[in-house]
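See structure below.
The values are calculated or read from the model by the stated rules, or taken from the named source; none is laboratory data. Small disclaimer: the values here were computed from a predicted structure and weren't measured. We place every Cβ from the backbone using ideal geometry, glycine too, and count neighbours over all the protein chains shown. Areas reflect the complete protein model, heavy atoms only, side chains present, ligands, DNA and RNA absent. Shrake-Rupley method; radii C 1.70, N 1.55, O 1.52, S 1.80 Å.
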Amino acid sequence: MAFNDGLLPTRRIFNSGSTPRNVRRGSIEPMIGRIQIVGAVSALALFLLCYCLFGASLTDGGGLDSRSSSYGTSAVSTFHPARINVAKVQKSCAPLTSGAMTVLVTGSAGFVGFHTSVALKEMGAGVLGLDNVNDYYPQALKRARLAELEARGVYTLEADLNDRGVIRKALDACKFTHVLHLAAQAGVRYAVKNPGAYVHSNVAGMVNVMEEIVRTSPMPKVVFASSSSVYGLNTKVPFSESDVTDTPASLYAATKKADELLAHTYNHIHGVAITGLRFFTVYGAFGRPDMAYFSFANNIVQGKPIKIFQGEGGTELARDFTFIGDVVKGIVASLETSAASGKNADGTKPPFRVFNLGNKTPVTVSNFVSTLEKHLGIKATRNYIPMPSTGDVPYTHADITKARAELHYEPTTSLDEGLKIFVDWYKSYYKNGANKADQEYVPNR
(Lines give C-alpha, C1' and ligand atoms only; values in the text may rest on other atoms or scores of the structure.)
Protein backbone atom coordinates (compact mmCIF):
# COMPACT_ATOMS: atom_id res chain seq x y z
CA MET A 1 0.00 0.00 0.00
CA ALA A 2 1.53 3.36 -1.03
CA PHE A 3 1.04 6.51 0.98
CA ASN A 4 1.87 10.03 -0.09
CA ASP A 5 4.35 11.25 2.54
CA GLY A 6 5.21 14.36 1.10
CA LEU A 7 -14.95 23.85 18.30
CA LEU A 8 -34.00 29.44 32.20
CA PRO A 9 -35.56 31.88 34.29
CA THR A 10 -35.89 30.34 37.73
CA ARG A 11 -39.27 30.05 39.43
CA ARG A 12 -39.84 31.20 42.98
CA ILE A 13 -40.12 27.92 44.91
CA PHE A 14 -41.35 29.19 48.26
CA ASN A 15 -43.84 31.95 48.96
CA SER A 16 -42.50 34.75 51.08
CA GLY A 17 -43.01 34.18 54.79
CA SER A 18 -44.28 30.61 54.45
CA THR A 19 -42.75 27.24 55.17
CA PRO A 20 -43.90 24.20 53.20
CA ARG A 21 -45.21 21.27 55.16
CA ASN A 22 -42.71 18.64 56.36
CA VAL A 23 -39.81 21.05 55.87
CA ARG A 24 -38.03 22.35 58.97
CA ARG A 25 -37.14 26.02 58.93
CA GLY A 26 -33.53 25.20 59.63
CA SER A 27 -33.31 23.18 56.44
CA ILE A 28 -34.73 25.79 54.11
CA GLU A 29 -31.53 27.80 53.62
CA PRO A 30 -29.40 24.81 52.55
CA MET A 31 -32.18 23.74 50.18
CA ILE A 32 -32.36 27.22 48.68
CA GLY A 33 -28.60 27.20 48.33
CA ARG A 34 -28.73 23.95 46.42
CA ILE A 35 -31.55 25.27 44.25
CA GLN A 36 -29.52 28.37 43.48
CA ILE A 37 -26.60 26.19 42.42
CA VAL A 38 -28.86 24.16 40.16
CA GLY A 39 -30.22 27.39 38.70
CA ALA A 40 -26.74 28.70 38.08
CA VAL A 41 -25.70 25.49 36.39
CA SER A 42 -28.85 25.58 34.25
CA ALA A 43 -28.13 29.16 33.25
CA LEU A 44 -24.56 28.29 32.39
CA ALA A 45 -25.73 25.31 30.35
CA LEU A 46 -28.20 27.54 28.46
CA PHE A 47 -25.49 30.08 27.79
CA LEU A 48 -23.15 27.40 26.46
CA LEU A 49 -25.94 26.04 24.27
CA CYS A 50 -26.55 29.50 22.81
CA TYR A 51 -22.80 29.98 22.45
CA CYS A 52 -22.55 26.74 20.52
CA LEU A 53 -25.47 27.70 18.31
CA PHE A 54 -24.47 31.29 17.64
CA GLY A 55 -20.74 31.29 18.34
CA ALA A 56 -18.90 34.47 19.17
CA SER A 57 -21.74 36.67 17.96
CA LEU A 58 -23.06 36.71 21.54
CA THR A 59 -20.04 38.66 22.64
CA ASP A 60 -18.53 40.46 19.65
CA GLY A 61 -21.63 41.74 17.93
CA GLY A 62 -21.50 39.10 15.18
CA GLY A 63 -21.73 39.97 11.55
CA LEU A 64 -18.07 39.20 10.85
CA ASP A 65 -17.54 36.86 7.98
CA SER A 66 -15.29 33.82 8.24
CA ARG A 67 -13.48 34.93 5.11
CA SER A 68 -12.09 38.15 6.58
CA SER A 69 -9.04 39.55 4.79
CA SER A 70 -7.00 39.78 7.99
CA TYR A 71 -5.56 36.48 9.20
CA GLY A 72 -7.31 35.18 12.26
CA THR A 73 -9.07 38.38 13.26
CA SER A 74 -12.58 37.30 12.33
CA ALA A 75 -14.96 35.64 14.73
CA VAL A 76 -15.23 32.65 12.39
CA SER A 77 -18.76 32.48 13.76
CA THR A 78 -20.80 33.12 10.63
CA PHE A 79 -20.90 31.35 7.31
CA HIS A 80 -22.44 31.62 3.88
CA PRO A 81 -24.81 28.71 3.25
CA ALA A 82 -23.15 26.67 0.53
CA ARG A 83 -24.58 25.13 -2.58
CA ILE A 84 -23.87 21.57 -3.58
CA ASN A 85 -23.02 20.34 -7.07
CA VAL A 86 -24.47 16.85 -6.86
CA ALA A 87 -22.78 15.61 -10.03
CA LYS A 88 -19.31 16.61 -8.80
CA VAL A 89 -20.02 15.23 -5.35
CA GLN A 90 -21.13 11.85 -6.62
CA LYS A 91 -18.23 11.57 -9.04
CA SER A 92 -15.75 12.33 -6.26
CA CYS A 93 -17.22 9.89 -3.76
CA ALA A 94 -17.55 7.00 -6.20
CA PRO A 95 -15.01 4.28 -5.23
CA LEU A 96 -12.44 3.40 -7.88
CA THR A 97 -12.20 -0.16 -6.61
CA SER A 98 -15.09 -2.54 -5.93
CA GLY A 99 -15.75 -2.86 -2.21
CA ALA A 100 -13.55 0.10 -1.30
CA MET A 101 -14.50 2.63 1.34
CA THR A 102 -16.49 5.77 0.61
CA VAL A 103 -15.27 8.50 2.96
CA LEU A 104 -16.39 12.02 3.79
CA VAL A 105 -13.28 13.89 4.96
CA THR A 106 -14.00 17.10 6.83
CA GLY A 107 -11.03 19.45 6.93
CA SER A 108 -9.73 18.25 3.56
CA ALA A 109 -7.98 21.56 2.89
CA GLY A 110 -6.05 21.11 6.13
CA PHE A 111 -2.67 19.46 6.56
CA VAL A 112 -3.75 16.05 7.86
CA GLY A 113 -6.99 16.00 5.87
CA PHE A 114 -5.14 16.66 2.62
CA HIS A 115 -2.60 13.87 3.07
CA THR A 116 -5.21 11.37 4.23
CA SER A 117 -7.49 12.19 1.30
CA VAL A 118 -4.61 11.56 -1.10
CA ALA A 119 -3.81 8.22 0.55
CA LEU A 120 -7.44 7.08 0.51
CA LYS A 121 -7.84 7.99 -3.16
CA GLU A 122 -4.66 6.09 -4.02
CA MET A 123 -6.20 3.05 -2.31
CA GLY A 124 -9.23 3.28 -4.61
CA ALA A 125 -11.62 4.77 -2.04
CA GLY A 126 -14.31 7.26 -2.92
CA VAL A 127 -13.45 10.52 -1.19
CA LEU A 128 -15.41 13.75 -0.76
CA GLY A 129 -13.89 16.67 1.11
CA LEU A 130 -15.57 19.40 3.13
CA ASP A 131 -13.77 22.52 4.36
CA ASN A 132 -14.65 26.16 5.01
CA VAL A 133 -11.13 27.30 3.95
CA ASN A 134 -11.00 29.89 6.71
CA ASP A 135 -8.22 32.43 7.12
CA TYR A 136 -6.60 31.26 10.36
CA TYR A 137 -3.44 30.88 8.27
CA PRO A 138 -2.84 31.85 4.60
CA GLN A 139 -5.60 30.54 2.40
CA ALA A 140 -3.26 30.28 -0.58
CA LEU A 141 -1.66 27.19 0.98
CA LYS A 142 -5.08 25.62 1.50
CA ARG A 143 -6.00 26.45 -2.09
CA ALA A 144 -2.83 24.75 -3.29
CA ARG A 145 -3.77 21.61 -1.36
CA LEU A 146 -7.29 21.70 -2.82
CA ALA A 147 -5.90 22.08 -6.34
CA GLU A 148 -3.72 19.03 -5.78
CA LEU A 149 -6.71 17.08 -4.48
CA GLU A 150 -8.86 18.09 -7.44
CA ALA A 151 -6.14 16.93 -9.81
CA ARG A 152 -6.36 13.54 -8.10
CA GLY A 153 -10.13 13.40 -8.40
CA VAL A 154 -11.10 14.60 -4.93
CA TYR A 155 -13.72 17.35 -4.87
CA THR A 156 -14.12 19.52 -1.77
CA LEU A 157 -17.35 21.19 -0.73
CA GLU A 158 -16.55 24.64 0.61
CA ALA A 159 -18.91 24.75 3.56
CA ASP A 160 -18.97 25.31 7.30
CA LEU A 161 -19.51 22.45 9.73
CA ASN A 162 -22.52 24.31 11.06
CA ASP A 163 -24.15 24.36 7.63
CA ARG A 164 -26.19 21.26 8.40
CA GLY A 165 -28.12 21.54 5.14
CA VAL A 166 -24.98 20.89 3.12
CA ILE A 167 -23.85 18.06 5.38
CA ARG A 168 -27.28 16.49 5.00
CA LYS A 169 -27.19 16.77 1.21
CA ALA A 170 -23.68 15.30 1.05
CA LEU A 171 -24.68 12.34 3.21
CA ASP A 172 -27.72 11.77 1.00
CA ALA A 173 -25.79 12.09 -2.27
CA CYS A 174 -23.11 9.57 -1.25
CA LYS A 175 -23.69 6.45 0.76
CA PHE A 176 -20.62 6.98 2.93
CA THR A 177 -19.21 3.98 4.70
CA HIS A 178 -17.06 6.27 6.87
CA VAL A 179 -16.87 9.87 8.04
CA LEU A 180 -13.36 11.09 8.86
CA HIS A 181 -13.97 14.22 10.91
CA LEU A 182 -10.73 16.21 10.98
CA ALA A 183 -12.08 19.76 10.60
CA ALA A 184 -11.47 21.96 13.62
CA GLN A 185 -10.18 25.35 14.68
CA ALA A 186 -6.54 24.58 15.36
CA GLY A 187 -3.92 26.25 17.54
CA VAL A 188 -3.39 26.33 21.29
CA ARG A 189 -2.37 29.96 21.85
CA TYR A 190 -4.84 31.55 19.42
CA ALA A 191 -7.69 30.22 21.57
CA VAL A 192 -6.89 32.92 24.13
CA LYS A 193 -7.61 35.58 21.50
CA ASN A 194 -10.62 34.05 19.79
CA PRO A 195 -12.35 31.47 21.99
CA GLY A 196 -15.60 31.74 20.05
CA ALA A 197 -13.98 30.23 16.96
CA TYR A 198 -13.11 27.11 18.92
CA VAL A 199 -16.57 26.65 20.38
CA HIS A 200 -18.14 27.26 16.97
CA SER A 201 -16.00 24.80 15.03
CA ASN A 202 -14.84 22.23 17.56
CA VAL A 203 -17.92 21.86 19.75
CA ALA A 204 -20.96 23.04 17.77
CA GLY A 205 -19.41 21.68 14.57
CA MET A 206 -18.93 18.26 16.13
CA VAL A 207 -22.54 18.17 17.33
CA ASN A 208 -23.90 19.19 13.93
CA VAL A 209 -21.90 16.54 12.09
CA MET A 210 -22.91 13.83 14.56
CA GLU A 211 -26.58 14.83 14.48
CA GLU A 212 -26.68 14.35 10.73
CA ILE A 213 -24.76 11.08 10.93
CA VAL A 214 -27.26 9.52 13.35
CA ARG A 215 -30.05 10.49 10.95
CA THR A 216 -28.37 8.54 8.14
CA SER A 217 -29.17 4.96 7.21
CA PRO A 218 -27.04 2.97 7.11
CA MET A 219 -25.09 4.92 9.72
CA PRO A 220 -21.45 5.52 8.70
CA LYS A 221 -18.52 4.60 10.89
CA VAL A 222 -16.80 7.67 12.37
CA VAL A 223 -13.17 8.51 13.07
CA PHE A 224 -12.41 11.97 14.46
CA ALA A 225 -9.39 14.04 15.40
CA SER A 226 -8.75 14.54 19.07
CA SER A 227 -5.38 15.80 20.29
CA SER A 228 -2.51 15.02 22.63
CA SER A 229 -3.38 18.35 24.26
CA VAL A 230 -6.17 16.58 26.18
CA TYR A 231 -3.46 15.22 28.50
CA GLY A 232 -3.02 18.79 29.67
CA LEU A 233 -1.22 19.13 32.98
CA ASN A 234 -0.66 15.39 33.44
CA THR A 235 2.84 14.65 34.72
CA LYS A 236 2.87 10.86 34.23
CA VAL A 237 4.65 9.91 31.02
CA PRO A 238 4.34 8.41 28.54
CA PHE A 239 0.73 9.49 28.07
CA SER A 240 -1.64 6.55 27.87
CA GLU A 241 -5.25 6.40 26.61
CA SER A 242 -6.27 5.11 30.06
CA ASP A 243 -4.94 8.23 31.82
CA VAL A 244 -7.43 10.65 33.36
CA THR A 245 -7.69 13.75 31.16
CA ASP A 246 -9.52 16.21 33.39
CA THR A 247 -6.89 18.97 33.59
CA PRO A 248 -6.71 20.72 30.19
CA ALA A 249 -4.16 23.51 29.96
CA SER A 250 -5.84 25.39 27.11
CA LEU A 251 -9.27 26.16 25.74
CA TYR A 252 -8.32 24.26 22.61
CA ALA A 253 -7.59 21.18 24.72
CA ALA A 254 -10.90 21.63 26.55
CA THR A 255 -12.81 21.60 23.24
CA LYS A 256 -11.02 18.44 22.15
CA LYS A 257 -11.86 16.80 25.49
CA ALA A 258 -15.46 17.91 24.93
CA ASP A 259 -15.38 16.21 21.52
CA GLU A 260 -14.33 12.95 23.16
CA LEU A 261 -17.18 13.21 25.66
CA LEU A 262 -19.66 13.99 22.89
CA ALA A 263 -18.37 11.05 20.88
CA HIS A 264 -18.84 8.72 23.83
CA THR A 265 -22.41 9.99 24.21
CA TYR A 266 -23.30 9.37 20.55
CA ASN A 267 -21.77 5.91 20.81
CA HIS A 268 -23.78 5.16 23.96
CA ILE A 269 -27.14 6.52 22.77
CA HIS A 270 -27.08 5.74 19.07
CA GLY A 271 -24.49 2.99 18.76
CA VAL A 272 -22.23 4.98 16.42
CA ALA A 273 -18.96 3.15 15.82
CA ILE A 274 -16.62 5.99 16.66
CA THR A 275 -12.88 6.29 17.12
CA GLY A 276 -10.94 9.28 18.51
CA LEU A 277 -7.33 9.82 17.47
CA ARG A 278 -4.99 11.81 19.70
CA PHE A 279 -2.38 13.29 17.37
CA PHE A 280 1.07 14.22 18.69
CA THR A 281 2.74 17.23 16.97
CA VAL A 282 2.37 16.17 13.36
CA TYR A 283 4.85 17.64 10.86
CA GLY A 284 5.71 17.23 7.19
CA ALA A 285 5.31 18.56 3.64
CA PHE A 286 2.38 20.88 2.92
CA GLY A 287 2.20 21.48 6.67
CA ARG A 288 0.66 24.19 8.81
CA PRO A 289 2.58 27.51 8.86
CA ASP A 290 1.25 28.31 12.33
CA MET A 291 3.21 25.38 13.79
CA ALA A 292 6.70 25.88 15.21
CA TYR A 293 8.69 23.84 12.67
CA PHE A 294 7.16 25.74 9.71
CA SER A 295 7.48 29.10 11.45
CA PHE A 296 11.10 28.28 12.33
CA ALA A 297 11.85 27.48 8.69
CA ASN A 298 10.29 30.76 7.54
CA ASN A 299 12.33 32.80 10.00
CA ILE A 300 15.58 30.93 9.43
CA VAL A 301 15.56 31.39 5.63
CA GLN A 302 14.77 35.09 6.09
CA GLY A 303 17.54 35.60 8.63
CA LYS A 304 15.13 36.36 11.44
CA PRO A 305 15.64 35.07 14.99
CA ILE A 306 13.48 32.23 16.24
CA LYS A 307 11.89 32.02 19.68
CA ILE A 308 12.38 28.80 21.61
CA PHE A 309 10.29 28.46 24.73
CA GLN A 310 11.69 27.16 28.00
CA GLY A 311 9.93 25.77 31.03
CA GLU A 312 10.55 26.52 34.68
CA GLY A 313 14.21 26.95 35.54
CA GLY A 314 15.19 27.07 31.88
CA THR A 315 14.21 23.45 31.24
CA GLU A 316 13.97 22.31 27.65
CA LEU A 317 10.58 21.70 26.08
CA ALA A 318 10.19 18.37 24.30
CA ARG A 319 7.66 17.11 21.81
CA ASP A 320 6.77 13.72 20.37
CA PHE A 321 7.16 14.95 16.78
CA THR A 322 5.31 12.58 14.45
CA PHE A 323 5.72 12.48 10.68
CA ILE A 324 2.58 12.89 8.59
CA GLY A 325 3.14 9.70 6.59
CA ASP A 326 3.12 7.63 9.79
CA VAL A 327 0.02 9.38 11.09
CA VAL A 328 -1.85 8.76 7.83
CA LYS A 329 -1.16 5.03 8.11
CA GLY A 330 -2.66 5.09 11.62
CA ILE A 331 -5.73 6.97 10.41
CA VAL A 332 -6.34 4.55 7.55
CA ALA A 333 -5.91 1.59 9.91
CA SER A 334 -8.50 3.09 12.28
CA LEU A 335 -10.95 3.39 9.39
CA GLU A 336 -10.30 -0.14 8.21
CA THR A 337 -10.64 -1.75 11.65
CA SER A 338 -13.80 0.04 12.77
CA ALA A 339 -16.81 -2.09 13.64
CA ALA A 340 -20.14 -1.34 11.97
CA SER A 341 -22.32 1.40 13.44
CA GLY A 342 -25.65 0.54 15.04
CA LYS A 343 -26.96 -1.32 18.06
CA ASN A 344 -27.58 -5.03 17.82
CA ALA A 345 -30.86 -6.76 18.69
CA ASP A 346 -29.46 -7.73 22.10
CA GLY A 347 -28.61 -4.11 22.89
CA THR A 348 -24.87 -4.44 22.39
CA LYS A 349 -23.05 -1.76 20.44
CA PRO A 350 -19.65 -1.19 18.83
CA PRO A 351 -16.89 0.02 21.15
CA PHE A 352 -15.88 3.65 21.54
CA ARG A 353 -12.16 3.65 20.78
CA VAL A 354 -9.38 6.15 21.49
CA PHE A 355 -5.81 5.83 20.23
CA ASN A 356 -2.60 7.79 20.58
CA LEU A 357 -0.89 8.42 17.23
CA GLY A 358 2.56 9.61 18.22
CA ASN A 359 6.17 8.78 17.58
CA LYS A 360 7.07 7.41 21.05
CA THR A 361 10.41 9.31 21.07
CA PRO A 362 10.22 12.90 22.38
CA VAL A 363 12.84 15.32 21.07
CA THR A 364 13.84 18.64 22.63
CA VAL A 365 12.98 21.68 20.57
CA SER A 366 16.68 22.63 20.45
CA ASN A 367 17.60 19.30 18.91
CA PHE A 368 14.69 19.62 16.49
CA VAL A 369 15.99 23.02 15.39
CA SER A 370 19.50 21.61 14.92
CA THR A 371 18.14 18.98 12.52
CA LEU A 372 16.11 21.62 10.68
CA GLU A 373 19.25 23.79 10.35
CA LYS A 374 21.13 20.85 8.88
CA HIS A 375 18.65 20.32 6.06
CA LEU A 376 18.08 24.02 5.35
CA GLY A 377 21.85 24.59 5.32
CA ILE A 378 21.40 27.74 7.42
CA LYS A 379 22.15 28.39 11.09
CA ALA A 380 19.34 29.86 13.17
CA THR A 381 19.59 32.80 15.53
CA ARG A 382 18.03 31.36 18.68
CA ASN A 383 16.29 33.39 21.35
CA TYR A 384 15.33 31.38 24.42
CA ILE A 385 12.39 32.85 26.30
CA PRO A 386 10.04 31.69 29.09
CA MET A 387 7.02 29.77 27.88
CA PRO A 388 3.96 32.06 27.86
CA SER A 389 0.94 31.12 29.96
CA THR A 390 -1.34 30.54 26.98
CA GLY A 391 -1.81 26.81 27.22
CA ASP A 392 1.35 25.12 25.96
CA VAL A 393 2.67 22.19 27.95
CA PRO A 394 6.36 21.41 28.54
CA TYR A 395 6.42 17.79 27.42
CA THR A 396 4.49 15.30 25.30
CA HIS A 397 5.22 11.60 24.97
CA ALA A 398 2.87 9.02 23.46
CA ASP A 399 2.38 5.49 24.69
CA ILE A 400 1.44 3.73 21.44
CA THR A 401 1.03 0.24 22.92
CA LYS A 402 -2.73 0.18 22.24
CA ALA A 403 -2.44 1.52 18.68
CA ARG A 404 0.33 -0.97 17.95
CA ALA A 405 -1.78 -3.89 19.21
CA GLU A 406 -5.10 -2.96 17.59
CA LEU A 407 -4.09 -0.95 14.51
CA HIS A 408 -0.63 -2.41 13.88
CA TYR A 409 0.54 1.20 14.06
CA GLU A 410 4.30 1.55 14.02
CA PRO A 411 5.92 4.92 13.17
CA THR A 412 9.05 4.30 11.12
CA THR A 413 10.11 7.76 9.94
CA SER A 414 13.05 9.23 11.84
CA LEU A 415 13.15 12.93 12.62
CA ASP A 416 16.12 13.35 10.29
CA GLU A 417 14.29 11.67 7.41
CA GLY A 418 10.99 13.46 8.08
CA LEU A 419 12.53 16.91 8.25
CA LYS A 420 14.49 16.27 5.06
CA ILE A 421 11.20 15.48 3.29
CA PHE A 422 9.68 18.67 4.71
CA VAL A 423 12.65 20.84 3.71
CA ASP A 424 12.81 19.37 0.20
CA TRP A 425 9.12 20.25 -0.26
CA TYR A 426 9.64 23.67 1.36
CA LYS A 427 12.51 24.61 -0.96
CA SER A 428 10.54 23.49 -4.02
CA TYR A 429 7.29 25.21 -3.03
CA TYR A 430 8.96 28.55 -2.25
CA LYS A 431 11.60 28.40 -4.98
CA ASN A 432 12.54 31.70 -6.66
CA GLY A 433 10.20 33.73 -4.48
CA ALA A 434 7.07 31.71 -5.25
CA ASN A 435 4.28 31.91 -2.68
CA LYS A 436 6.29 34.53 -0.80
CA ALA A 437 3.27 35.87 1.08
CA ASP A 438 3.01 32.55 2.92
CA GLN A 439 6.58 32.88 4.17
CA GLU A 440 5.85 36.30 5.60
CA TYR A 441 2.91 35.00 7.60
CA VAL A 442 3.24 35.54 11.36
CA PRO A 443 1.18 33.10 13.46
CA ASN A 444 -1.67 34.87 15.23
CA ARG A 445 -0.83 34.15 18.85
**Message:** Ordering T97, T413 by accessible area with a probe of 1.4 Å, largest first, what comes out?
**Reply:** T97, T413
**Item:** Simple label model, 7 Å out from Cα along Cβ direction - E406 to S389, nm
**Value:** 3.8
**Fill in**
Ignoring ligands and nucleic acids, R404 exposes an accessible area, probe 1.4 Å, in Å² to the nearest 10, of 90
**Request:** Report, ordered by chain and residue number, the lysines lying within cross-link reach of K236, taken as a straight Cα distance under 25 Å and ignoring same-chain residues fewer than 8 apart.
**Result:** K256, K257, K360, K402
**Request:** Report the label-to-label distance for E316 and T381 in nanometres (one decimal), using points 7 Å from each Cα along the Cα→Cβ vector.
**Result:** 2.4
**Item:** Potential extension, N85-T235 segment - 0.36 nm per residue separation minus Cα distance
**Value:** 49.1 nm
**Asked** H270 accessible area, nearest 10 Å², 1.4 Å probe?
**Response** 70
**Item:** Heavy-atom SASA rank of R319, R83 (probe 1.4 Å, accessible area, largest first)
**Value:** R83, R319
**Prompt:** P(r) for the range 87-238: what percent of alpha-carbon pairs falls in each 5 Å bin, starting at zero?
**Reply:** 2, 9, 19, 22, 19, 14, 8, 5, 2, 0, 0
**Stretch gain in nm, segment L262-D424, where the contour uses 0.36 nm per residue and the Cα spacing is subtracted** = 54.3 nm
**Message:** Need the full-extension length gain, E440 to V244, defined as separation in residues times 0.36 nm minus the C-alpha distance. One decimal, nm.
**Reply:** 66.6 nm
**Per-pair calculated FRET efficiency, R0 = 45 Å: L96 and R189 via Cβ, rounded to 0.05** = 0.65
**Asked** With every protein chain present, what accessible area does V192 have (1.4 Å probe, heavy atoms only), rounded to the nearest 10 Å²?
**Response** 100
